[in-house]
């Protein structure tokens, strides 16, 4: 029995290492594009086009494909509770550190966003799908659309406004951010799911083909977003608390909290690992808009993403040992 368990853990470890090698190579292609600039296209131009296509077309197709047939119910609320609780915990931790050391407001706002909001979709989706199977896509989508993104576009925006300055002349309601294709796709999918409407084969085929393009484009875009130019010595003291909270304390808190939720072991592991992802790339948009320290946030994204190549196998091993 002991040998079986050791062999199982070894296989799990090898699988995670193989997954991260694949993810790293795809991100490296994006990072290489930043320096090579094929056809004269910069990383920023390429990333804007790719992320727009993913956000407005391919991601809604994935959301519709997954949630239409997903098991939506009480456990969906548990993902919401787990995600929001962990994000709030990380925010509180960073706020406490920033208050003690009296960080400048622009830095404080960027650090809170970087420490609190994980990259649950752009990195979480490929990692969880490969590590656990296609069923984990439902965990990622529900964690993102029912917990992380709503919290980002409400409390996250309020934090950015509090610590920064509104760059736009006229302030927009935070609720306008929900008027977006992924949320409309989610609402439609939930309605179709609850009413038991069966999708025709031709439509499922189209959705699945579009969904298949999401993961490689997300990883390539993530590689485009990483830049060593954002890394500076002066930001190191501010990035360290983000790393500790984001990569260690937040997953540890999630691991403790999920024990109180009646989720199946595999779903618990997937949810916790999704919350152990590095800082969300989208946060740079809020830093630019509210004039927070964008360079600090960009460095946090780059560093936590690289460190995640070490921490994700660690957390996966911890979660595998208690499943």
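Taken over region 287-306, the criterion of being in contact with a helix residue (DSSP H, G or I) (Cβ under 6 Å, 6 or more places away or on another chain) and farther than 11 Å from residue 110 by Cα is satisfied by 302, 303, 304. All conditions but one from (1) buried (at least 16 other Cβ atoms within 10 Å of the Cβ); (2) out of contact with any helix residue (DSSP H, G or I) (no Cβ under 9 Å at 6 or more places or on another chain) apply to residue 270; the one that does not is (2). When 115, 90 are screened for being within 22 Å of residue 258 (Cβ to Cβ), in contact (Cβ under 8 Å) with a residue 24 or more places away in the chain, part of a helix (DSSP H, G or I) and touching a strand residue (DSSP E or B) at 6+ places or on another chain (Cβ under 8 Å), only 115 passes.
Quick grid of which residues meet (1) surrounded by fewer than 23 Cβ atoms within 10 Å (Cβ to Cβ); (2) in a helix (DSSP H, G or I); (3) in contact with a helix residue (DSSP H, G or I) (Cβ under 8 Å, 6 or more places away or on another chain):
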position: 217; (1), (2), (3): yes, yes, yes
position: 220; (1), (2), (3): yes, yes, yes
position: 242; (1), (2), (3): no, yes, yes
position: 245; (1), (2), (3): no, yes, yes
position: 254; (1), (2), (3): no, yes, yes
position: 257; (1), (2), (3): yes, yes, yes
position: 261; (1), (2), (3): yes, no, yes
position: 274; (1), (2), (3): no, yes, yes
position: 281; (1), (2), (3): no, no, yes
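For the residues 68, 95, the requirement of being modelled with pLDDT of 90 or more, within 30 Å of residue 293 (Cα to Cα) and either in contact with a strand residue (DSSP E or B) (Cβ under 7 Å, 6 or more places away or on another chain) or in a helix (DSSP H, G or I) (or both) singles out 95. Checking 248, 185 one by one, the residue that is modelled with pLDDT of 90 or more and within 17 Å of the chain's Cα centre (by Cα) is 248 and no other. In this structure, does residue 14 turn out to be modelled with pLDDT under 85 and either exposed (fewer than 13 other Cβ atoms within 10 Å of the Cβ) or on the phi < 0 side of the Ramachandran plot (or both)? The answer is yes for residue 14.
The values are calculated or read from the model by the stated rules, or taken from the named source; none is laboratory data. In this text the structure is predicted, and so the values were computed from the model without any measurement. A quick note on method: Cβ atoms are made from the backbone with ideal geometry, for glycine too, and the neighbour counts reach across all protein chains shown.
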